[in-house]
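The values are calculated or read from the model by the stated rules, or taken from the named source; none is laboratory data. Since the model is a prediction, treat every value here as computed from it, not as a measurement. Note that each Cβ is placed from the backbone with ideal geometry, even for glycine, and that neighbours are counted across all protein chains shown. To get the accessible areas, we keep the full protein, side chains included, count just its heavy atoms, and leave off ligands, DNA and RNA. Shrake-Rupley method; radii C 1.70, N 1.55, O 1.52, S 1.80 Å.
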Amino acid sequence: MPQRYGLVRYLTGAVCARTGDEASGPALLLWGMALTGSVGAGSALLAGLTAAAAAGGPLVGMALDRSARPGRPLAVALAVYAAGLAVVALALGRLPLPLVVGAALAVGLVGPVLSGGWTAQLPRVWAPGRSARASTWDAMTFGAAGLLGPALAGAVAAACGAGTAVAAAVVLLALAVPAAWTLPGRAPRSASVSVAADLLAGVRAVLGNRSLSRATAVTAVSIAGTGMLVVCAPVTGLRVLGSQESGALLLSGMAACSLLANLLLARRSPRVCADAVVLVCVLVQAAGTALVALAALAPSPAVLLTGAALVGAAEGPQLASLFAVRHREAPEHLRAQVFTTGASLKISALALGTAVAGPLAEASVTVCLAVAAGLHLVAALVYTGIRVSAGPKPSCTPGRLRS
C-alpha cells in the first residue's frame with residue numbers, strides 16, 4: 001500500500017509538471033503575439049526554451065545521480081524552471097527581445113528534468129519487478145499532458161488573457177515541487193569522482209550500450225518526423241477539414257489516441273519485448289503519417305483522421321517501451337543521466353524537425369509530410385542497423401514486456 005501511495009504521488013507530480021510544460025509553449029506563443037503583434041517573438045522564445053536541452057540534460061542528470069535524495073535537486077530544478085518561465089513572461093515587452101530569448105535559453109537548461117528527471121526516479125517508488133506497468137502509467141502522463149496542456153492554455157487565454165495562461169502554467173509547475181521533494185532517497189554513492197568523469201560515464205552508458213543507443217537513436221529520429229507533422233497540422237486541417245483550429249483538434253485527437261493505447265497497454269502488456277514494440281511503433285507512425293500526407297494531397301477527412309489516429313496510438317506504447325528499455329539497461333548510479341540525456345536528445349531532435357518543417361511546409365505541405373513519414377522509416381532502418389548481441393539477458397525473447 002505505501003508503494004501504491006508513492007506511485008500516486010509520483011504520477012500526480014508528473015502530470016502537474018508535464019501539463020504545465022505543455023501549456024507553457026502555447027501560452028508563451030500567445031503572450032508574445034499579444035505584446036509584440038508578431039508570431040516570431042513567441043517562436044523565438046520557444047526555440048530558446050528547447051535549444052539548450054541537449055546541454056542541460058546531462059548536467060541535470062548528473063546532479064540527480066550524485067545526490068542521496070535526488071528528489072531535492074529535482075524539486076529545485078522544477079522551481080527554477082517555473083520561476084524562470086515567470087521571469088521570461090514578465091520581461092517580454094519590457095526588455096529587448098534578444099535578452100528575453102537569452103533568459104529563455106538559460107531556463108531551458110533544466111527542461112529535461114520535466115521528462116527524464118522524473119522518470120528516472122520511478123524504480124524508487126515502485127517494485128522493480130512490476131516497473132513495466134508503472135512505466136506505462138508514467139508514459140500516460142505525457143499523453144494526458146499533451147491533451148490537457150494546450151487546451152488549458154487556449155481556454156485560459158481566451159477567458160482571461162495570454163498572461164494569465166502563462167501564470168497558470170507556472171502554477172502547475174510549482175504544484176509539482178512538493179511531490180518531487182518527498183520522493184524516496186537512496187544510499188549515498190561510496191566513491192567520489194569528478195564532474196567531468198561523471199559526465200563522461202553518463203555518455204558512455206548511453207552510447208556504449210547497444211540497446212540504449214538503439215532505442216535513443218530510433219526515438220530521436222522518429223520524434224523529428226512527429227515534429228514535422230505537428231507543424232503541418234494547422235495547414236492540413238485548413239485544407240481537409242476547413243479550418244486551422246481543426247488542425248489543433250487533430251493534435252488533441254492524437255494525444256487522446258496515445259492515452260487510450262497506453263490505457264490498454266497498462267491492462268495487458270504485449271507478449272513481446274520492449275525493444276520490438278519500439279520498432280513496431282515507428283512503422284505504424286510511418287504508415288499513419290503517409291496517410292496524412294495522402295489526405296493533404298487528395299483531401300479526405302476519413303483518411304486524415306485514420307492517419308492521425310494511427311500516429312497517436314503508436315506514440316504512447318513507443319514512449320512506454322522506451323522507458324522500459326532505459327529502466328532495464330541503465331546502471332543504477334547513472335540512471336538519471338541516462339534518462340535526462342535521452343530526453344535532451346529527443347527535445348533537440350523535435351526542435352530540429354519543427355525548424356526544418358517551417359520552410360518546407362511553406363513550399364509544400366504534402367512534401368513535408370512525406371519527408372516526415374520517411375523519417376519514421378529511417379528510424380526503423382536505424383533499429384535494424386544497430387544489432388544487439390545475445391547475452392544472459394535477452395533483449396527480444398517471447399514473454400511479457402520487460403522493464
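Numbers below:
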item	result
Diffusion constant of the range 194-388 at 10 °C, which comes from Stokes-Einstein with the Kirkwood Cα-pair radius and 1.306 mPa s, µm²/s	93
Using θ = phi - 60° and Karplus 6.51 cos²θ - 1.76 cosθ + 1.60, couplings along the range 284-299 (whole Hz; Gly, Pro as x)	5, 5, 4, 5, x, 5, 4, 5, 4, 4, 5, 5, 5, 6, 10, x
Simple Cβ-charge dipole of the range 1-184, Lys/Arg +1 and Asp/Glu -1, about Cα centre, in debye nearest 20	520
Stretchable slack from Arg124 to Val87, in nm (0.36 nm times residue separation minus alpha-carbon distance)	10.0 nm
Calculated P(r) tail over 27 Å for the range 1-184, as whole % of Cα pairs	26
Residues of the range 271-392: accessible area per residue with a 1.4 Å probe, Å²	38
Computed over the range 1-184: relative contact order in percent, which uses C-alpha pairs under 8 Å that are six or more apart	45
Of all accessible heavy-atom area on the range 1-184, the percent that carbon and sulfur account for (1.4 Å)	74
Rounded to the nearest 20 debye, dipole of the range 194-388 from Cβ charges on Lys, Arg, Asp, Glu	540
Per residue accessible area in Å² of the range 1-184, where ligands, DNA and RNA are left out and the probe is 1.4 Å	38
Calculated from backbone phi, Karplus (6.51, -1.76, 1.60) coupling profile of the range 357-369 in Hz, x at Gly/Pro	5, x, x, 5, 5, 5, 6, 6, 5, 4, 5, 4, 5
Estimated vicinal HN-Hα couplings, Hz - the range 25-35 in sequence order (Karplus 6.51, -1.76, 1.60; Gly, Pro = x)	x, x, 5, 5, 4, 5, 5, x, 5, 5, 8
Rounded FRET efficiency, nearest 0.05, which uses the C-beta distance separating Ser364 from Thr384 and R0 of 35 Å	0.75
Contact order normalised by residue count of the range 288-343, Cα under 8 Å, 6+ apart, percent	25
Net charge over other residues, Cβ less than 14 angstrom from the Cβ of Leu259 (K, R count +1; D, E count -1)	-1
